[in-house]
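To start, the structure itself, in structure tokens.
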Amino acid sequence: MEWPDMLRFTMDPLELVARGTLMFWFLFLIFRFILRRDVGSVGVSDFLFVVILGDAAQNAMIGDGTSASDGMLLIATLVVWNWSVDRLTYSFPALEKMLAGKRLCLVRDGKMQRREMRREYITTEELMAKLREQGSDDLSEVKAMFLEADGEISVLKKEKKDGG
């Protein structure tokens, strides 16, 4: 292949932008509303799913495109959408709440919130492991423990009272 052929579009650039846009929003919605958040880590099945999803999405996005220009335009489209979502959620807090999700209270005043844990498929063992990572193994010390929208765990400990 010669340089001019590598840089020549092999499909309509507008079609590439449309395919990239459709797949970006389709995947965004899947990740936002369907995939479970996994206590700050990615499980093997989640990772496998993302790899397979990426391959399927690539085929849907690029279609018959084969040139470097096709790929660069497609990547630029995805980058622009990603940047746009970040910019819009920063500028409009109401939009951020809708697109980014909300935090979930897993422990309140030392008591596990089992309903919320079940909703996210978080086991007692996972919860306690995350608590130990925060330097504690006693739920009674916890004022609140949250699964944040990004999948990270935050722990607010109760204030210790001085004994004298």
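Region 50-164 holds helices (runs of 4 or more DSSP H) entirely within its bounds, and those carrying 3 or more residues that are farther than 30 Å from LEU22 by Cα and more than 22 Å from the chain's Cα centre (by Cα) map to 124-133. The set of residues from region 76-100 being among the hydrophobic types (A, V, I, L, M, F, W, C) and either in contact (Cβ under 8 Å) with a residue 24 or more places away in the chain or farther than 20 Å from PHE31 by Cα (or both) comprises ALA76, LEU78, TRP81, VAL85, PHE92, LEU99, ALA100.
In the set (1) outside the structural domain of LEU27 (by TED's automatic domain parsing); (2) out of contact with any Cys (no Cβ under 9 Å at 6 or more places or on another chain); (3) modelled with pLDDT of 80 or more, GLY164 fails one condition alone, (3). The single residue among LYS143, LYS130, LYS158 that is among the basic types (Lys, Arg), within 29 Å of PHE31 (Cα to Cα), at pLDDT 85 or above and touching a strand residue (DSSP E or B) at 6+ places or on another chain (Cβ under 6 Å) turns out to be LYS130.
The values are calculated or read from the model by the stated rules, or taken from the named source; none is laboratory data. Just so it is clear, the model here is predicted, and its values are computed rather than measured. Cβ: placed from backbone, ideal geometry, glycine included. Neighbour counts: every protein chain shown.
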